[in-house]
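Working notes, beginning with the structure itself.
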Amino acid sequence: QVQLVESGGGLVQPGGSLRLSCAASGSAFRFRIMGWYRQAPGKQRELVAYLTPGGTTTYADAVKGRFTISTDNAKTTVYLQMSNLNAEDTAVYYCNVYPFIETWWGKGTLVTVSS
């Protein structure tokens, strides 16, 4: 049973920064594409960014240039560094592989951008 545990969310002012972390059980992420997703209130969950085993990154247009996805050497934790946050970034953020595996969703971590 794979477990993904997201952390690092919180309340931040517009223009601020946060770093999210996602710890995976075992070798869930090894050799897989790692992704971050988010679900804003009243909206469908969307892909934010993903990182291939080879190190290639891809970002949604809405976060390009502001968010950075990375991982540790052991490929057990994936990070999302978020900067210049705005109200449209308010959402619950989740990690999963890409494409996602439905049964792997964790509880997510809430990011609220507000003054």
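Computed from the coordinates by the stated procedures, all read-outs in this text should not be read as laboratory data. Just so it is clear, the model here is predicted, and its values are computed rather than measured. So basically every Cβ, Gly included, is an ideal-geometry build from the backbone, and we count neighbours across all protein chains shown.
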Next item on the list: Could you name the aspartates and glutamates whose alpha carbon sits less than 20 Å from that of residue 64, not counting residues in the same chain fewer than 8 places away?
Entry: 46, 88, 89
Margin query: Residues of the range 1-27 with backbone nitrogen within less than 12 Å of a virtual label 7 Å along the Cα-to-Cβ line of residue 103, please, listed as ranges.
Written below: 1-3
Item checked: Using θ = phi - 60° and Karplus 6.51 cos²θ - 1.76 cosθ + 1.60, couplings along the range 54-68 (whole Hz; Gly, Pro as x) -> x, x, 6, 10, 9, 10, 5, 4, 5, 10, 4, x, 10, 10, 9
Notebook entry, point to check: Computed over the Cα atoms of the chain, what is the convex hull's projected area averaged over all directions, in nm²?
Noted result: 6.5
Next item on the list: Starting from the Cα of residue 114, move 7 Å in the Cα-to-Cβ direction to define the label point; list residues of the range 10-26 whose amide nitrogen is under 18 Å from there.
Entry: 10-18
Check: Taking 0.36 nm per residue of separation and subtracting the Cα-Cα distance, what length does fully extending residue 52 through residue 21 add?
Finding: 9.5 nm
Note to self: As a test of the definition: which semi-axes, in Å, follow for the range 20-86 when you take the square root of five times each eigenvalue of its alpha carbon gyration tensor? Largest first, please.
What the structure shows: 21, 13, 11
Next item on the list: Could you tell me which trypsin sites (Lys or Arg not before Pro) in the range 1-66 are loop residues by DSSP with no more than 15 other beta carbons within 10 angstrom of their beta carbon?
Entry: 30, 43, 64, 66
Notebook entry, point to check: Pick from 83, 17, 27: which is most flexible by mean-square fluctuation in a GNM of the chain where alpha carbon atoms under 10 Å apart are linked?
Noted result: 27
Item checked: Where labels lie 7 Å past Cα in the beta-carbon direction, separation of residue 81 and residue 33 in nm -> 2.3
